[in-house]
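Here the structure comes first, spelled out in structure tokens, and everything after it is commentary.
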Amino acid sequence: MALIKIIRDVRLGAKTLLLHKLRSLLTMLGVVFGVASVIAMLAVGEGASREALDRIRMLGSTNIMLESVKPTDTPDDRGQRTRVLDYGLRYEDERRIREHLDHVQRTAPVKEVRRSAWLGERNKELRVVGTTWAWFELVPRPIIAGRILGERDMDRTSNVVVLTEHGARRLLATEQSIGSRIRIVDGYYEVIGIVQNEEASGETQIPDSRVDAYIPLPVARERFTDFDVRITAGSIERERGELHRIIVQVDDEDNVETTAAAIQRMLELNHPNGDFTVQVPLQLLRQREEQQRIWNWTLASVAGISLLVGGIGIMNIMLASVTERTREIGVRRAIGAKKRQIVSQFLIETLLLAGIGGLVGIAVGPLLADRIESLSGIPTIVPTWAIALSVGISMTVGVVFGLYPAARAANLDPIVALRHE
Amino acid sequence: MTTQLTDTVTPQPPPTATRAQAASGPAAGDDGRPAPGSPVIVLEDVHKHYPMGDQVVRALAGVTLEVRRAQFWAIMGPSGSGKSTMLNLLGCLDRPTSGRYVLNGHDVSDMTDDQLSEIRLRELGFIFQSFNLIPQLTVQENIELPLYYQGWSAAASRERAQQTAERVGLGDRLGHRPAELSGGQQQRVAVARALASDPQVLLADEPTGNLDTATGQRMMQLLSDLNTQGKTIILVTHEAEIARWAHGQIHMRDGKIERIEGNG
């Protein structure tokens, strides 16, 4: 019974709105664009944050990344550029972390060098990483062909190499190249496999984004030593460094931060000059999540302003409508309509405007997000909660901006309203 | 839907000395009308004051009046005499500043806004000079308006509207919009709307003011017929010719009843 009455009231409201089709349509447009842009902006924000978080997750949420840092030049060094700079993480650091810290499950020590490599006639400079089989546990990637480094390769005579997708492309190696030999400087290595690697993106450092080839760490240590000579812009830099990076895997996310702090303390004892950094992807993840959340809300609020403008548009039209229909209100009141019946009549009309506008906006919003994605390449994801939120907001807009005109209509003195021309 | 209307109904007869002798005539039956019944409208020393700037306008200054069932009165008077204020009070659109107003057994004097709405809905029918139909609604929907506010079902309300429209001779115009009708027809719709919920009292404010003479005559004939069928009618007009359709004329001046002719 009540439902029938509501349907009747809504039909009557719709009929009144249809009397002024253009006006109602224009009023609705405000809400349509408001809701659509809120959805689109939330979709852009959600897409961006999903992507960034996926990237960070690739670093592993239970991993801790240690990196060697070249100490900044002190003024004394200026004159003697040719001296050997000795810095960075040591083999000994890796062993201590692995053996003395409770929650550490695995460590992957990394030694990076850039060297000339040949496959047949093809010659390119490759970024070669000397590491252990643990790397492939901590940075798991699909194997394209062959196999990855195993425990048996951890010997300084095991001259094998695993190419990354990127490295393989540079040397024009294919699946048929498995078993063939490549030359790096003056040593020959058998290609045993090709693995996928992630491309670098944004500011997130992914450990394998700049790697062309993996060789066993003992081999790298033997062949390339710990000394490196770099010739840059007219000066020669001689450096000594054992490891460039250590990836530490902790048993549980809950222990990541305490373990990272323990590692920090441990390293500080042996590295008073601070030639290392400790990065916790989990912390990065949390920071990013927080940043992203703020950013998403900023986007949505900006879009919300257009919804607000839409609401003001509705209020404006409803106020005009109340003035225009003062006589009608007077007549209804004289016949015996109560104030709240007048309020509900006008509120139904605003809710219809806001509601239909909102529904259209919900249909348009994802299309708008699609359009943004195809035009700018920014990935967008329309979250379900954004749709729910928009419905809520547009109805709230209807009530908030409808209540004042409706109350104004209801509070007209019927005697005055009847005399209104 | 039933708002409590159980206000004190104390049928205290007003002091006869100051009382307008509206109901003092014999229970006339010689002109074929049904015998006037119990009092429907009782006004006792009603005052209405409006603040206007720092002045107070005494729109009504002590009006006492009794109207019985099935009477037909015309209220007359120059502008500023208080006849509009009188109609607003009788129509429960306004409350008296002091004094008592009992309508069909309900003491209206101190009712809340909602209670007044309910009284207007159940007890009164309004007919206005400018028809005051709602333009976006059809004739049918206009007539149904009081039924809608009374919460009638759609089917019952439709049937009642059709009956009422036939009663005023508009049975074939139900689907039209007011703008498609002549003035006389529009006023008939207004009468049908006033009759739809079958109130006891009809209040007509210059009902012929916007009609030509012939149409106005037909409108008055309609009201007269309704009165014969038992409706109590109060008509406000400044035209003596129109006022003659009523069975009694109340002349007002300076917020008071100046004199009364006839016996309603």
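Just so you know, all these numbers are worked out from the coordinates, no wet-lab data involved. Since the model is a prediction, treat every value here as computed from it, not as a measurement. Note that each Cβ is placed from the backbone with ideal geometry, even for glycine, and that neighbours are counted across all protein chains shown.
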Average beta carbon contacts from partner chains per residue of B:112-122, 10 Å cutoff = 4
key: Highest to lowest packing among A:375-386, A:407-418, A:59-70, B:199-210, scored as the average C-beta count within 10 Å   = B:199-210, A:59-70, A:407-418, A:375-386
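Grab the Cα-Cα distance for A:Glu99 and A:Leu172, subtract it from 0.36 nm times how many residues apart they are, and report the gain in nm with one decimal.
Net length gain for the segment: 22.2 nm.
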inquiry  = When a/c reaches 1.5 or more, the comparison of a/b and b/c decides; with that in mind, is the stretch A:248-292 rounded, prolate or oblate per its Cα gyration tensor?
reply    = oblate
Angle in degrees between helix B:183-196 and the longest Cα principal axis of chain B, rounded to the nearest 10 = 70
ask   = Pick from B:Asp54, B:Asp113, B:Asp225: which is most flexible by mean-square fluctuation in a GNM of chain B where alpha carbon atoms under 10 Å apart are linked?
value = B:Asp54
request  = Excluding residues fewer than 8 places away in the same chain, name every one of the lysines whose C-alpha is closer than 29 Å to that of A:Lys111.
outcome  = A:Lys70, A:Lys124
query = Cα atoms only, the stretch A:264-378: Rg and Dmax in Å?
reply = 27.7, 93
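From the Cα gyration tensor of the stretch A:318-421, with a ≥ b ≥ c the square roots of its eigenvalues, which class applies: rounded if a/c is under 1.5, or else prolate if a/b is larger than b/c, or else oblate? Let's see the in-between values first.
Numbers: a/c = 4.91, a/b = 3.35, b/c = 1.47.
Taking the square roots of the gyration eigenvalues as a ≥ b ≥ c, the stretch A:318-421 is prolate.
Given the -39500 (n - 2.57) contribution per DSSP H run of 4+ residues, what per-residue ellipticity at 222 nm results for the protein assembly as shown, rounded to the nearest 500 deg cm²/dmol?
-15000 deg cm²/dmol
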task = Give the cross-link partners of A:Lys339 among the lysines, using a straight C-alpha distance below 29 Å as the criterion and excluding same-chain residues fewer than 8 apart.
result = A:Lys5, A:Lys15, A:Lys21, B:Lys48, B:Lys83, B:Lys231
key: 0 to 90° range, to nearest 10: angle between helix A:384-410 axis and chain A longest Cα axis   = 30
remark   = With a ≥ b ≥ c from the Cα gyration tensor eigenvalues, square-rooted, and the rule rounded for a/c under 1.5, otherwise prolate when a/b > b/c and oblate otherwise, the stretch A:70-274 is oblate
query = In the stretch B:192-264, which trypsin sites (Lys or Arg not before Pro) are in a loop and have at most 11 other Cβ atoms within 10 Å, using DSSP for the loop call?
reply = none
request  = Express as a percent, rounded to the nearest 5, the fraction of DSSP beta bridges in chain A (both residues included) that run antiparallel.
outcome  = 80
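By DSSP, what percent of the beta bridges with both residues in the stretch A:70-274 are antiparallel, rounded to the nearest 5?
So the antiparallel bridges in the stretch A:70-274 amount to around 75 percent.
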message = Rounded to the nearest 5, what % of DSSP beta bridges with both residues in chain B are antiparallel?
response = 60
key: Neighbourhood charge, 12 Å Cβ-Cβ cut-off, centred on A:Ile314 and excluding it, Lys, Arg +1 and Asp, Glu -1   = 0
